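Only one structure is covered here, and it is reproduced in the block below.
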Amino acid sequence: MEKQKIEAAAPVEELSNEIQELLLNLPTEKNWDGTSLYQYQGCWNRSQYVFATISFQRHFQAKESDIILTSFPKSGTTWLKALAFTIVNRSRYPLENSPLITTPPHQLVPFLEVDLYLKNQSPNLEDFPNPRILATHVPYASLPNSILNSDCHIVYVARNPLDQFISHWKFLSGFQDQNMNLVSVVEAFEMICNGVQSYGPIWEHILGYWKASQEQPEKVLFLKYEDMKEDIKLNVKNLANFLGCPFTEDEERQGVVEEISKLCSFDNLKTLEVNKNGKHRTGFRNDTFFRKGTVGDWRNYLTPSMAERMEKVLEEKLSGSGLSFKKES
Ligand code: A3P
């Protein structure tokens, strides 16, 4: 199998003077791979993503028609990208000729700070077809004002933190022995229980979008990976309604909801040649975004007492929010 490399955290000297100065004054911790994480606006991140987030915050101009897909990494972003793109563009592309068959979801729906603003402080996003569908892992409170103040739509997908952790851990393990040396799963788990991980603390991230979805349900839709696994058709319909393109009775009769669910399913996407081969612009192999796609895989890696510990942390952090996660299928 082809070896893959990802970008190492950018040395502080390579960033602009202003950002360098900012980074030097931010709290810092070591990441799972020994590189530095910086806490910017309450969220831990690698230096280059702090830099890209700031460019995103300063330069992004939202349009009312924009659809912003948001998530904590390894929570089902790829799935959400496939679904949103297909639902919104279903009258433009017949499902049997969907661009999803020939183009990976992350190329159809690019990341803002992890891709576009990482490469260019002010990328030209005007040529994207309307509605623009774009993605970010930035916490709700750190989204650019132009997103927060416009009528664009935000969809967030959340996943139970135990499966999210294992998914991220396995994802990064693929880089072991190359340009990355990871701490043990036990040490990494200890770090996440203290809130230290890329884009963490995870509970802050989830709560930010959860509260926004409660306060502005017409602007922010909150989805859960586990609910989508349980009933994808219901979630596809909800997503279409929220995005202002509900399925017609005719479409429902013709089975369009089922077809979209199948097209975007893990089993289908994983086996497409385009997702089995090649790399994303950020250097990640396309196949690394499709691993198991199940609920409860954490059981294969974490002890019951580790799970209990995270449960306790979540109980405390999410208390009073009305939010909880299924951790078994
Ligand atoms: P696992 O590592 O548990 O298998 P993200 O897309 O946010 O990077 O999240 C990746 C996780 O979503 C991985 O989880 C991946 O297998 C899973 N995934 C990718 N596509 C999926 C799909 N169509 N349906 C369900 N899960 C999917």
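The values are calculated or read from the model by the stated rules, or taken from the named source; none is laboratory data. Owing to the predicted nature of the structure, the values given are computational and were not obtained by experimental measurement. In this analysis, Cβ positions are derived from the backbone assuming ideal geometry, glycine residues included, and neighbour counts consider all displayed protein chains. Surface accessibility is based on the protein's heavy atoms, side chains included, excluding ligands, DNA and RNA. Shrake-Rupley method; radii C 1.70, N 1.55, O 1.52, S 1.80 Å.
The table below lists the values:
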quantity: Residue check, Lys30 away from the ligand (no atom under 16 Å from the Cβ) and surrounded by fewer than 15 Cβ atoms within 10 Å (Cβ to Cβ); calculated: yes
quantity: Selected residue (criterion: nearest to Leu207 (Cα to Cα)) from residues of region 15-50 that are among the aromatic types (Phe, Trp, Tyr) and not in a loop (DSSP other than H, G, I, E, B); calculated: Trp44
quantity: Pairs where the first residue, in region 65-90, is modelled with pLDDT of 95 or more and the second is of a type in the set (Lys, Arg) and within 14 Å of the ligand (Cβ to nearest atom), C-beta under 7 Å, 6+ apart; calculated: Leu69/Lys81; Ser75/Arg159; Gly76/Arg159
quantity: Residues (under 22 Å from Leu207 (Cα atoms) and open to solvent by 80 Å² or more (accessible area, probe 1.4 Å)) located in region 295-313; calculated: Glu308, Arg309, Lys312
quantity: Enumeration of residues in region 88-105 that are buried (at least 24 other Cβ atoms within 10 Å of the Cβ) and among the aliphatic types (A, V, I, L, M); calculated: Leu100
quantity: Count - residues of region 312-329 that are acidic (Asp, Glu) and not in a helix (DSSP H, G or I); calculated: 1
quantity: Helices (runs of 4 or more DSSP H) contained in region 106-215 and holding at least 2 residues more than 18 Å from Thr70 (Cβ to Cβ), open to solvent by 20 Å² or more (accessible area, probe 1.4 Å) and away from the ligand (no atom under 15 Å from the Cβ); calculated: 185-193
quantity: Qualifying residue in region 59-81 (condition: over 18 Å from Phe266 (Cα atoms), assigned to a helix (DSSP H, G or I) and of a type outside the set (Gly, Ala, Ser)); calculated: yes
quantity: Identity of the residue in region 217-231, part of a helix (DSSP H, G or I) and of a type in the set (Asp, Glu), that ends up farthest from Ala158 (Cα to Cα); calculated: Glu230
quantity: Thr53 being in a helix (DSSP H, G or I) and at pLDDT 95 or above; calculated: yes
quantity: When residues of region 63-103 are limited to those that are aromatic (Phe, Trp, Tyr) and touching a strand residue (DSSP E or B) at 6+ places or on another chain (Cβ under 9 Å), the one nearest to the ligand (Cβ to nearest atom); calculated: Trp79
quantity: Helices (runs of 4 or more DSSP H) enclosed by region 232-311 - at least 2 residues per element that are within 15 Å of the ligand (Cβ to nearest atom); calculated: 232-242, 256-263, 266-271, 273-276
